[in-house]
1. When the residues of region 21-36 are filtered to those that are farther than 18 Å from Cys62 by Cβ and touching a helix residue (DSSP H, G or I) at 6+ places or on another chain (Cβ under 7 Å), which remaining residue is surrounded by the most Cβ atoms within 10 Å (Cβ to Cβ)?
2. Here's a check for you: in region 88-115, which residue that is among the polar types (S, T, N, Q) and assigned to a helix (DSSP H, G or I) is nearest to Gln133 (Cα to Cα)?
Amino acid sequence: MKQSITTIKRNVIIFAFFSTLCGWIGYVVDKVTGQAHYENIGTEIGSGSLGMLIWLVTPLICTIFLRSFGGDGWKESVFSINFKNNKKLYLVSFLVYPLVTMIVILLGLMAQGIRVTDVKVEFTAYLGILLTQIGTQFIKKYL
């Protein structure tokens, strides 16, 4: 199915609008229900809130609706992995996550926004955590 430029622009605007709006709706829902404690969000098990769920799920629902009813179609959703023709792009996208993570950690240490405790953890443990995160991101993005 060939799409017109106006259909593509319309769907991008709809997606951007709803993705932005759902973040604010989630924030308001958290404030109204008294769940808005964002100081340590994500650091405790089970610390998610209804607003966070709205913020995370609404873009997926919007994508499904646009694919089904907005003229995007499922044929061009590019679910197939094409390593052969896109080796450089896959390599860049695979290395971006650890590189950005290291830059953020170094900037946080330099700005003293991150505190490192006196816990002695070996380099292999850090490497294991990094490789686990890379594997998780790879599965999330490409499979």
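1. Asp30
2. Here the answer is Thr101.
None of the figures in this text is laboratory data; all of them are computed from the coordinates on show. From a predicted model like this one, the values you see are computed outputs, not experimental measurements. Glycine gets a Cβ as well: all are built from the backbone with ideal geometry, and neighbour counts include every protein chain shown.
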